[in-house]
Amino acid sequence: MAVACDNASYERRPVEWQLPKIWIISAVLGILLAAGTWVIRGTLFLPDGGRTGEIVFLEIALTENWLIIVTMGGATQPSLLLVIAIAGVDVLATCFCLSGWF
């Protein structure tokens, strides 16, 4: 619902892809996801086997939520409703993982 009422800009004609921006965003997200994967892998060596399920869930939840904002066009600012919805879901997902509600 929040994405449906977002402040998305549009053009009447096709626009050129902003390849440098796409490459930078892809590289940053790739590095973050790789780091998260190595954190998950590191928890496997803990005596109790770690909390890999919670870490994987949190990595996916946070990454997918912020990907909406990261991929917006340069002229588009996210609506307040969208930012509140994403922040709420992130806080809720983090609480699930920290308290074991998963």
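Taking the stated definitions as given, is VAL83 of a type in the set (A, V, I, L, M), under 17 Å from the mean Cα position of the chain (by Cα), open to solvent by 50 Å² or more (accessible area, probe 1.4 Å) and modelled with pLDDT under 75?
When the stated conditions are applied, VAL83 does not pass them.
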Being of a type in the set (Asp, Glu), under 21 Å from ASP90 (Cβ atoms), open to solvent by 90 Å² or more (accessible area, probe 1.4 Å) and at pLDDT 75 or above: is that true of GLU54 here? no
Note on region 22-39: residues surrounded by 11 or more Cβ atoms within 10 Å (Cβ to Cβ), free of Cβ contacts under 8 Å to residues at least 12 places away in the same chain and more than 15 Å from the chain's Cα centre (by Cα) are ILE22, ILE24
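The values are calculated or read from the model by the stated rules, or taken from the named source; none is laboratory data. What you see is a predicted model; the values in this text were computed from it and never measured. For neighbour counting, all protein chains shown are included, and Cβ atoms are generated from backbone atoms with ideal geometry for every residue, glycine included. To get the accessible areas, we keep the full protein, side chains included, count just its heavy atoms, and leave off ligands, DNA and RNA. Shrake-Rupley method; radii C 1.70, N 1.55, O 1.52, S 1.80 Å.
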